[in-house]
Amino acid sequence: MWEYSDKVREHFFNPRNSGPLEGANGIGDVGSIQCGDALRLMLKVDPESERIEAAHFQTFGCGSAIASSSALTEIVKGMSLDEALKVSNQDIADYLDGLPPEKMHCSVMGREALHAAIANFRGEVWSDDHEEGALICKCFAVDATLIEEVVRANNLHTVQEVTFYTKAGGGCAACHEGIEEILAKVSAERAGLGEVSPPPACPAAPELPKAQPVKLTSVQRIKKIEAVLESVRPMLQRDHGDIELVEVQGRQIYVHLQGACAGCMMEAATLGGIQQKLVEALGELVQVLPVSQMKTA
Amino acid sequence: MEPIYLDNNATTRVDPAVVEAMLPFFTEHFGNASSIHAFGSQVGKALKKAREQVQGLLGAEHDSEIIFTSCGTESDSTAILSALKAQPERNTVITTVVEHPAILSLCEWLEKEGYVVHKLKVDKKGRLDLDEYKSLLHDRVAIVSAMWANNETGTLFPVETMAELAAERGIMFHTDAVQAVGKLPIDLKSTKIDLLSLSGHKLHAPKGIGVLYLRRGCRFRPLLRGGHQERGRRAGTENSASIVGLGVACELARQHMQTEQHVVRHLRDKLEMGLLGQISHCFATGDTANRLPNTCNIAFEYIEGEAILLLLNKLGIAASSGSACTSGSLEPSHVMRAMGIPYTAAHGTIRFSLSRYNTEPEVDRVIAAVPPIIAQLRKLSPYWKDAAPVKEFAPAYA
């Protein structure tokens with residue numbers, strides 16, 4: 001479970017200013033039921049002095065969402081609206097002696113509710129600048145949206161560069177795969193725009209001789225199969241077994257295991273190994289099966 | 001106040017008899033089972049006995065069908081990757097949307113690697129459509145992997161029928177039975193299941209030990225290569241103390257099977273009826289007529305699960321939740337979403353999973369403790385007013 005500070009626990013177990021507020025004249029409803037948190041902040045503002053006389057909340061959410069809401073109402077009580085607008089999500093987190101990185105969005109939600117409530121009091125329309133992607137780096141709470149923006153803006157190409165710019169990936173390194181995926185995505189888009197990616201630092205491996213794509217005749221095919229079986233025969237014979245090619249039906253190659261190989265516990269493994277060799281030699285997918293599975297016409 | 005542990009699908013208490021059996025294998029019986037001397041052969045004998053004990057619980061035909069691994073996840077990965085490697089002409093995996101991440105994350109990675117993955121959907125009660133399943137069985141399918149029992153809801157899949165349908169078409173069948181083993185009678189020799197994963201710590205054995213059952217004759221490629229341990233199918237020196245512990249735990253699970261089926265089921269039903277009867281706007285999720293005897297999963301609408309857990313924890317009651325906040329992701333449980341449970345309920349799901357260690361007074365205490373917690377949190381919720389949900393609350397960017 002999360003490592004909550006004593007202050008977070010205290011505000012969760014004994015929330016301040018919870019429930020509806022009589023005579024509220026500034027209400028901010030924000031949150032996302034999809035992400036599992038939603039908050040209604042209710043302010044009672046003196047219209048003359050624009051000072052917040054009372055603040056209440058109702059929250060659907062986890063421990064830190066409820067604690068952040070409670071902290072927010074305590075912070076803004078008695079403030080003027082201009083002072084309240086300067087309250088940052090960090091101020092809310094600091095008031096609670098910090099929040100776990102994954103839970104920082106709870107404090108962000110608090111700040112947004114405050115802005116929405118003040119806009120509501122002033123008769124303005126509040127539009128959220130809420131942007132939250134999937135959390136990539138859990139050590140430093142960096143999400144995919146931010147990483148992607150920074151990668152684009154600064155033309156980054158490596159995980160290390162991303163770490164230098166955003167801190168993401170600088171902790172436990174568990175998210176490096178995720179960062180590489182974002183880099184790959186952005187780099188694919190760059191390629192589409194005709195931008196050149198940096199030259200690879202590593203020399204190319206020598207070309208391997210390729211299997212001939214020429215289609216084999218059935219006699220050539222059977223000869224090749226026999227050659228592969230010949231190459232494994234000494235190993236089978238060493239274990240007092242043997243193998244015989246019985247039939248080739250398209251992709252299915254039927255063999256007869258003899259001697260100690262017949263009924264051996266490792267029969268499946270033996271056939272699998274031979275199949276692998278045949279797939280490589282023939283350059284096509286084939287199945288090696290014991291003759292007992294052959295359907296006779 | 002004694003704490004009450006109702007999170008046995010997460011992990012279980014190691015049975016004292018298991019601990020006792022394990023201890024000598026840290027001290028005098030420290031040998032390596034592969035060694036020829038007396039230190040080794042003592043351990044070798046103990047491993048053989050443990051293998052037979054696991055065989056007994058699973059109803060496997062041969063003890064050589066039991067491969068010891070490090071955990072359920074390793075068993076799952078080994079099973080699926082083996083099927084793909086052993087059958088290069090087959091590139092498709094069939095699984096379900098509600099599997100454990102041990103299967104789902106692996107399948108996501110396989111898709112990136114170019115394999116085809118079909119995830120069977122579930123209905124509102126978490127049940128599969130077997131007609132859809134049948135229509136997907138073709139000769140490019142390397143393996144089917146379906147869980148025996150769901151870890152969140154306890155819902156059972158008809159894996160025996162599914163394995164038969166796969167076998168008729170020559171397709172391998174794997175089941176992640178991590179939650180089922182020890183809670184349901186299993187007899188593998190009378191089924192067509194080819195591979196099965198189990199995890200020790202879900203049945204009162206220690207963490208760090210698992211099993212992959214591999215039917216004799218089923219084609220196999222090891223995940224770990226090296227020494228000849230486990231007949232070359234899983235290299236690495238045997239975790240002898242834990243293997244011995246798992247053997248004893250399997251023996252005990254067999255003895256307690258009736259307890260699990262009747263006593264634990266009765267306690268679970270009492271808990272569920274007690275909560276559903278007292279609290280409005282809550283319901284049990286999953287296929288309640290067809291599930292594990294120890295699990296109940298209740299969705300409390302309009303409140304969030306982590307907050308419920310924190311308040312329960314204060315009273316010494318341990319359970320778990322499918323809410324986004326407890327997992328660190330931004331989405332609630334994939335199992336709840338797959339069943340189409342609305343967000344207002346999915347975030348408030350609480351899983352109570354019992355074991356043979358739970359008692360009737362404990363269940364009574366939980367039945368008394370939960371309703372005030374739900375009422376307290378609903379009072380704080382903007383979706384709730386007086387004794388009913390509020391329809392008009394519609395926050396920005398919801």
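The values are calculated or read from the model by the stated rules, or taken from the named source; none is laboratory data. These numbers come from a predicted model, not from an experiment. With ideal geometry, Cβ positions are generated from the backbone for all residues, glycine too; neighbour counts draw on all protein chains shown. With ligands, DNA and RNA removed, areas are computed over all heavy atoms of the protein, side chains included. Shrake-Rupley method; radii C 1.70, N 1.55, O 1.52, S 1.80 Å.
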### Query
Can you pull the Kirkwood radius for region A:84-162, inverse mean 1/r over Cα pairs, to one decimal in Å?
14.5 Å
## Note on the structure
In whole µm²/s, the translational diffusion coefficient that Stokes-Einstein assigns to the protein assembly as shown, given a Kirkwood hydrodynamic radius over C-alpha pairs, 10 °C and 1.306 mPa s, equals 55 µm²/s
### Query
How far, in degrees from 0 to 90, does helix B:265-278 lean away from the longest principal axis of the Cα atoms of chain B, to the nearest 10?
20 degrees
### Summary
Once A:Cys202, B:Cys71 are ranked on solvent-accessible area with the largest value leading and a 1.4 Å probe, the list reads A:Cys202, B:Cys71
## Note on the structure
Using eta = 0.692 mPa s and T = 37 °C, Stokes-Einstein with Kirkwood Rh from Cα pairs puts D for region B:1-118, in µm² s⁻¹, at 182 µm²/s
### Task
For A:Arg40, tell me the accessible area in Å² from a 1.4 Å probe, rounded to the nearest 10.
60 Å²
#### Entry: Along principal axes, Cα extents of region A:218-293, largest first, whole Å
30, 24, 18
### Task
Output ³J(HN,Hα) for region B:50-57: one whole-Hz value per residue in order, computed from phi by the Karplus curve 6.51 cos²θ - 1.76 cosθ + 1.60 with θ = phi - 60°, and x for Gly and Pro.
4, 4, 5, 5, 5, 3, x, 5
### Query
Each label point is 7 Å from the Cα along the Cα-to-Cβ direction; what then is the distance between the points at B:Arg127 and B:Ala10, in nm?
3.1 nm
### Message
Running a GNM on chain A with Cα contacts under 10 Å, which residue among A:Ala205, A:Ala117, A:Ala191 ends up with the highest mean-square fluctuation?
### Response
A:Ala205
### Pairs of Cα atoms farther than 32 Å apart, chain A, %
58 percent
### Task
For the protein assembly as shown, give the share of DSSP beta bridges that are antiparallel, in percent and rounded to the nearest 5; count only bridges with both residues there.
70 percent
#### Entry: Helix axis angle, B:240-255 relative to chain B longest principal axis, alpha carbon, degrees
60 degrees
### Query
Sorting B:Thr237, B:Thr161, B:Thr95 by accessible area (1.4 Å probe), largest first, what list results?
B:Thr237, B:Thr161, B:Thr95
### Task
Give the share of C-alpha pairs in each 10 angstrom bin for region A:6-122, from 0 to the last occupied bin, in whole percents, shortest bins first.
16, 52, 28, 4, 0
### Task
Compute the semi-axes of the equivalent ellipsoid of region B:257-389, taking the square root of 5 times each eigenvalue of the Cα gyration tensor, and list them largest first in whole Å.
24, 17, 14
### Rounded to the nearest 10 Å², the accessible area of A:Met42 at probe 1.4 Å
10 Å²
### Message
Connecting C-alpha atoms closer than 10 Å in a GNM of chain B, tell me which of B:Asp139, B:Asp131, B:Asp194 has the biggest fluctuation.
### Response
B:Asp131
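I'd like the FRET efficiency for B:Arg225 and B:Asp269, computed as 1/(1 + (r/R0)^6) with the beta carbon distance as r and R0 of 41 Å, rounded to 0.05. Don't skip to the answer; put the middle values down first.
On the way: r = 48 Å, r/R0 = 1.17.
After rounding, the FRET efficiency stands at 0.30.
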### Message
Over 22 Å apart: what share of the alpha carbon pairs of region B:60-190 falls there, rounded to a whole percent?
### Response
33 percent
### Distribution of pairwise C-alpha distances over region B:16-255, 10 Å bins, in %
8, 33, 35, 18, 6, 1
### Task
Extending each Cα 7 Å along its Cβ direction at A:Met265 and A:Asn14, get the distance between those two points in nm, one decimal.
6.7 nm
### Summary
quick shape note, region A:135-192: Cα extents on principal axes in Å, largest first -> 33, 18, 18
### Task
Would you please state which residues of region B:340-356 a label at B:Phe283 would reach in this model, taking the label point 7 Å out along Cα→Cβ and a backbone N cut-off of under 19 Å?
B:340-352
### Query
Taking chain A as a Gaussian network, Cα atoms linked when under 10 Å apart, which of A:Leu114, A:Leu99, A:Leu208 shows the biggest mean-square fluctuation?
A:Leu208
### List B:Leu81, B:Leu354, ordered by accessible area with a 1.4 Å probe, largest first
B:Leu81, B:Leu354
### Message
Multiplying the sequence separation of A:Glu124 and A:Ala174 by 0.36 nm and subtracting their Cα-Cα distance, what value in nm do you get?
### Response
13.6 nm
### Task
Give the carbon-plus-sulfur fraction of the accessible surface of chain A in %, rounded to a whole number; probe 1.4 Å, heavy atoms of protein chains only.
53 percent
### Query
What residues qualify as long-range amide H neighbours of B:Val117, i.e. H under 5 Å apart, gap of 5 or more or another chain, H built at 1.01 Å from N?
B:Val93
